[in-house]
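Derivation of every value follows stated rules applied to the coordinates shown; laboratory data play no part. Everything quoted here is computed from the prediction, not taken from an experiment. Reconstructed Cβ throughout: ideal geometry from the backbone, glycine too, with neighbour counts over all protein chains shown.
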Amino acid sequence: MRGRRRTFPLFALGAALFLLACPAITEVPSAVAAELSIAREPEIMMAVDKLNAAGYLPGLAANTRPYPVPALRGALEGAMRSGDLPPDGFDRELADWLTWYLAPHAEGRLGVGVSMEERGGVRPISDGVPVPQGGSLSASGAFRVEEAPWLSVQGSGAAFLADAGDRGTRLLDSSVEAGWPFLSVEAGKISTWYGPGRSGALIFTNNASPYPGVRLRNAEPIRLPWPLSFLGKLRYDLFVARLEGDRPIPHSLLSGMRLSVRPSRYLELGASRAMHFGGQGEPSGISAWWTAFKGTHDNDPGSNGNQIAGFDAEVNLPFDVQPVQLYLEAAGEDEAKIIGTPIPGPTKWAFLGGVFLPALLGSDRADLRFEWAQNHLNDNGPAWYVHSASNEGYAHRYRGQILGHSMGTDARQYDLTAHWFFLPSTYIELSLGALRRYSPGGPQSESTNRMDAGLVGWLTENVRAEGRVGSERIRNRGGIDGARETDLSFQAMLTWRVAGSVQ
């Protein structure tokens, strides 16, 4: 885990200078802005999830993340104007706190942390940042600035130093975005999450490090014209990224795309796709992208591109007695012809489903989520996220980490997570998880049971604290009969935030 990049010291210096200058900046409206961080701002994600499941954010494409800041601002403003939000109660407190948090057009953060990890490694959906074995110190920095109504910039990074001597730096989401509410272009290191799952998603999550790429999207959803007006508003997201050189097909290309619509506050529908193509020694231009997009030649001799495609649906049922959110994602890892037609379609399906109770037993401060995912179906074996046809050159990975669900290939996972909110910005979290990998590399299946507890809270308007403890037990590690392993972990992080506005 010894890192070679030295980008973080310069980044941290820039973030520190920004923090010092931030209070003097004045406000201006913005149409385009950098996005919220899934990994660094979990309390924002939780507040959005609770309000969306209660039916208060019909203007938000809730399952295409990270969220552009103006998209969430606009959804909150729409909820305030419509009068849908109650005048008091905890949901109103959540909305007011989110409005306050998102108001600044410039923000900077510096964080320091300590951790103890019995086994070490990369935790799921954590931007691919490793946690060294044993004790370690970490530092992180981030900023985002809406410089003008048509321009924004963001940057983030992390560094770690372990008592065993391991050290490293990571440049995380860092990009420039320019354009208009209905069309913007983002370039830099980006990350993507497609789908309603919150413990993971089948096609794209932040399980791997951000990748260098270019993205086209609309921060503000587009109202569809007749005869499609019944589908409500449309959100699109399209990117092309260049993957690392240390893979069987160096610098292969990855393209992702998603369309989502919200016919009503109670329903959101989405369709997502990932394509691997190009790279060293392979066609990599626009025509190669178009050939991959059509998907009509994937099974031809000599063609070894990789495709994943699927759809998802989320239904909000805000019953007075017990509001419920139900969601499902289904995707196929390979391509085959739809029966009786020349049209290509996905095969080797995987599924993810969940139930979210945003208010538990009458209390808006408590919530409960159950989520299940599996790509172990029909004796397909290790079909997901691997790609033997290209000698793993087009495997759905980046820098060793899966770009989709962290459960891996030929696996099944269950997660149960509960929260209790003391304040809109402060909550405790309890989580139980069970994972079974059926093809871990040995003759036996591997089983993992996990328990986690965490506390996230703001001590002041500028100081944020987070602490987590966890326990993990693995049986038949690596598929070896009787091989057992345990892991105890502890993390604590203190973050200083300064926010202002731009002139």
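Taken along its principal axes, the alpha carbon cloud of region 128-209 reaches lengths of 49, 32, 16 Å, longest axis first. With contacts taken as Cα pairs under 8 Å at a separation of at least 6 residues, the chain carries a relative contact order of 15 percent.
Put simply, the Cα atoms of region 237-298 extend 47, 25, 16 Å along their principal axes, the longest span coming first.
Distance from the C-alpha centroid of region 204-241 to that of region 149-168: 26 Å, rounded to the whole angstrom. Split the chain at each of the trypsin sites (Lys or Arg not before Pro) in a DSSP loop with at most 12 other beta carbon atoms within 10 Å, and the longest piece is 7-503. Over the chain, all Cα pairs binned in 20 Å intervals from 0 give whole-percent P(r) values of 22, 60, 18, 0, listed from short to long. Note on the chain: lysine pairs with Cα distance below 24 Å, sequence gap of 8 or more or different chains, count 4. The Cβ shell under 12 Å around ARG437 holds other residues with a net charge of +2, Lys and Arg each +1, Asp and Glu each -1. A simple count of charges around GLY89, restricted to other residues whose Cβ falls under 14 Å of its Cβ and scoring Lys, Arg +1 and Asp, Glu -1, yields -4.
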